[in-house]
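Working notes, beginning with the structure itself.
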Amino acid sequence: MHTQHNVFAVLFLLAVWGGSLQSTPANGADAVGKPNIIFFFVDDMGWQDTSVPFHTEVTALNKRYRTPNMERLAARGMKFTQAYACAVCSPTRVSWITGLNAARHGVTNWTLRKDRSPDRNHPVIQPPAWNLNGLSPTPGVARTVHAVTLPMLLREAGYRTIHVGKAHFGAKGTPGENPLNLGFDVNVAGHAPGGPGSYYAKNNFSAAFRNADRIWDIPGLEKYHGTDTYLNEALTIEANRAVDRAIADGKPFYLYMSHYAVHAPWEADHRFLEKYTDAGLKGLPAVFASMIESMDKSLGDILDNLKRHGIEENTIVVFMSDNGCPSNLPRNLPLRGHKITPYEGGTRVPLIVRWPGVVGQGTRCDDYLIIEDVFPTFLEMASVAEYEQIGGTIDGVSFVPLLRGEPPADPQRPIFWHFPNTYGEPPYSSVRKGDWKLIYQHVTRKLELYNLREDIGEEKNLAADRPEKLRELAQVLTDFLEEAGALLPTDKQTGKRVEYPIAHVEDSP
């Protein structure tokens, strides 16, 4: 893993070395050869919502969607077939930026309004007092997690840190709503909400045209208002301009290209819609397909800009999604479930990494990793070796060894999910360890056990057949929840907190 030391010592050393960081060549790398890093992050894109196959075989959805630039990226890099995020957007985003698992940072559902939860009333369960105000760069903000962020550390290492698109780190009216407070030098269109008012500049990217809450309106893109520009295109133009400025200034850059797409409201990009309707798709499936291709066009435009500047070989590009596909869109078969659920369709996401000179072209990795691993991985890519998270714990593990083609240090490393909330789906906690996955349902207290190697669709619950494995994973999950200080819901009938999963091993069939 990585070496952790006091972040303040790091800041001091960086200040001492500041002179060397000032000398930078024009290709966007600093004097010690730091690579540029682009994190191209998509919202609500499922594992199969692409023409790049992440399964062992090409699926129907792979044939439906057209993502030639994802194909281009995969041909030059490594695709990960078992990459995971949280099943909901804000938890995922707080995890990558802090290196903390959602059970530890406590932002377990999506955030928006200060001190207000989107959780719904449930007849059996009362959600805990989770961190509904999100991430905070300063201490003392109620119901937030106070943490050091990845952009803070990259900025101190000499990077120009650029945020473009969806933020969704903190509730409106808190410091965490503004990416400029979280270590970004540049913020384009990022604020508290997790979706746009509209994808259309002719609607001013505003929800006003449908008489919806104006909190969703996208800020900072007024120059496009009243034009025919689609949101993905506007964000891409601004991202490339920010990269152009960083290169002109001789600064290595970290670009977080965080698309609102393909999140609701589902509005077609008419540059791509007709080909899907001509192919027989109608309604929402056709609209969604056009949004997927629009997002892919953005990726291509960003890759083309790197090529134009001649910095392809010194720029790492990482493509990933924040959770699975929503329930009203085609299922990502053979995976079970969708966004918010504990099943693979909710958490398994596409991941592609292009790192010239390190990652083999057209390679594939079948080892699993999870979203908080992004934090130490990007720091290792940037040669930031000494850092510490507030609280002293980082859950993420660098996957740079996997990118180098090395086996994982621990192929049985457990990874965890925690959703003690009542929004859309019943609350749960889960763990994967090796090929095995355990899900603990908070309402029923039932345990589900699956072997993902043999049953990727999670169709056969083996809780009754493998009692020893059930107990093992229930204990692993219990130990982690306890150590991380995970909040659990309360049973309304008893007034007591829901028990840890180990308490219900004997109850499961």
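The values are calculated or read from the model by the stated rules, or taken from the named source; none is laboratory data. All of these numbers come straight from a predicted model, not from anything done at the bench. Methodologically, a virtual Cβ is constructed for each residue, glycine included, from the backbone with ideal geometry; neighbour enumeration extends over all protein chains shown.
Here are the numbers for the structure shown:
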{"read-out": "Test: residue in segment 481-492 that is surrounded by 14 or more Cβ atoms within 10 Å (Cβ to Cβ), in a loop (DSSP other than H, G, I, E, B), among the β-branched types (Val, Ile, Thr) and in contact (Cβ under 8 Å) with a residue 40 or more places away in the chain", "value": "no"}
{"read-out": "Unique residue being at pLDDT below 95, surrounded by fewer than 24 Cβ atoms within 10 Å (Cβ to Cβ) and among the charged types (D, E, K, R) when the list is Arg336, Arg271, Arg331", "value": "Arg331"}
{"read-out": "Any pair with Cβ under 6 angstrom, 6 or more apart, that starts in segment 202-227 at a residue that is small (Gly, Ala, Ser) and ends at one that is part of a helix (DSSP H, G or I) and surrounded by 13 or more Cβ atoms within 10 Å (Cβ to Cβ)", "value": "Ala207/Trp216"}
{"read-out": "Filter result for the condition that a residue is in a loop (DSSP other than H, G, I, E, B), at pLDDT 95 or above, surrounded by 23 or more Cβ atoms within 10 Å (Cβ to Cβ) and not charged (D, E, K, R), over Asn421, Asn461", "value": "Asn421"}
{"read-out": "Unique match (being over 20 Å from the mean Cα position of the chain (by Cα) and over 27 Å from Glu156 (Cα atoms)) among Gly337, Gly362", "value": "Gly362"}
{"read-out": "Residue among Lys172, Lys166 that is touching a residue at least 12 places away in the same chain (Cβ under 8 Å), farther than 30 Å from Lys496 by Cβ and surrounded by fewer than 19 Cβ atoms within 10 Å (Cβ to Cβ)", "value": "Lys172"}
{"read-out": "Test: residue in segment 72-86 that is within 17 Å of His263 (Cβ to Cβ) and either in a loop (DSSP other than H, G, I, E, B) or not small (Gly, Ala, Ser) (or both)", "value": "yes"}
{"read-out": "Residue check for Arg104: touching a residue at least 40 places away in the same chain (Cβ under 8 Å) and either part of a helix (DSSP H, G or I) or outside the structural domain of Ala167 (by TED's automatic domain parsing) (or both)", "value": "yes"}
{"read-out": "Residues of segment 117-138 classified as crowded, with 24+ Cβ neighbours inside 10 Å, of a type in the set (Gly, Ala, Ser) and within 14 Å of Pro91 (Cβ to Cβ), total", "value": "1"}
{"read-out": "Boolean, Gly280 is surrounded by fewer than 15 Cβ atoms within 10 Å (Cβ to Cβ) and small (Gly, Ala, Ser)", "value": "yes"}
{"read-out": "Which numbered condition Thr363 misses (of (1) closer than 20 Å to Thr50 by Cα; (2) surrounded by 21 or more Cβ atoms within 10 Å (Cβ to Cβ); (3) of a type in the set (Ser, Thr, Tyr))", "value": "(2)"}
